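Visitor: I have a structure here, written as structure tokens, and I will follow up with some questions on it.
The values are calculated or read from the model by the stated rules, or taken from the named source; none is laboratory data. Since the structure is predicted, the reported quantities are computational estimates derived from the model, not experimental observations. So basically every Cβ, Gly included, is an ideal-geometry build from the backbone, and we count neighbours across all protein chains shown.
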Amino acid sequence: MTQPAPEFSRIVRLDEIGRMRWPAHIAAEAEERAALARRFGFVEIASLEADYTLTRENEGIMATGEIRAALSQPCVATAEPVAEQVREAFSIRFTPEGEAPVQGNEDEIEIEIDADGIDIVTYADERIDIGEAIAETLALSVTPYPRSPDADTILKAAGVLSEDQAGPFAALAALRTKEE
């Protein structure tokens, strides 16, 4: 079974790298942003673009650059949209499929990350998908638990206790108040 094409696919053939102008620029179209928002569980991606440079490094390709995006995610407490601006530098090492540094047996494959913490992505057929790598970088760059500035007020109005009110010491404070 073949996997569907990524929503934001920008294929670069390895034989083109030496002829391309750097830095290169890519931007997601409205349909691509909407599909990525559905995939990652965002409310909306208003903009997504990146500038990047590709260089050959031994058997692999090194991509460095910056991603910029404007998006909204649902608040973890109220599901209201929370706006966010992303501006993130990235470094991604593309290695040929089957040549990523691996330890363990086939059932327990573990990818080693070097000291630089560079993301490693495999490629096949002498082509890399920089668009998909940018999309994945976006997903890893956003706030993991977005919270609306009005979340506490909305939760209080709905009768949800705060952590101070529901925590283990809240019962002790209530006992102290009753004794006085």
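Visitor: Tell me, please, whether a residue that is at pLDDT below 95 and touching a Lys or Arg at 6+ places or on another chain (Cβ under 9 Å) can be found in the stretch 34-54.
Guide: no
Visitor: Hey, can you tell me all the residues within the stretch 53-78 that are among the polar types (S, T, N, Q), touching a Phe, Trp or Tyr at 6+ places or on another chain (Cβ under 6 Å) and under 16 Å from residue 141 (Cα atoms)?
Guide: Hit for the stretch 53-78 is 73, nothing else.
Visitor: Another question about this same structure. Of the residues 65, 18, only one is buried (at least 17 other Cβ atoms within 10 Å of the Cβ) and either free of Cβ contacts under 8 Å to residues at least 60 places away in the same chain or in a strand (DSSP E or B) (or both); which?
Guide: None of the other options fit; the residue is 65.
Visitor: Here's a follow-up. So, residue 87, is that one loosely packed, with under 14 Cβ neighbours inside 10 Å, among the basic types (Lys, Arg) and modelled with pLDDT under 95 or not?
Guide: no
Visitor: Would you point out which residue out of 114, 107 is among the charged types (D, E, K, R), loosely packed, with under 15 Cβ neighbours inside 10 Å, in a loop (DSSP other than H, G, I, E, B) and modelled with pLDDT under 90?
Guide: Answer to the check: 114.
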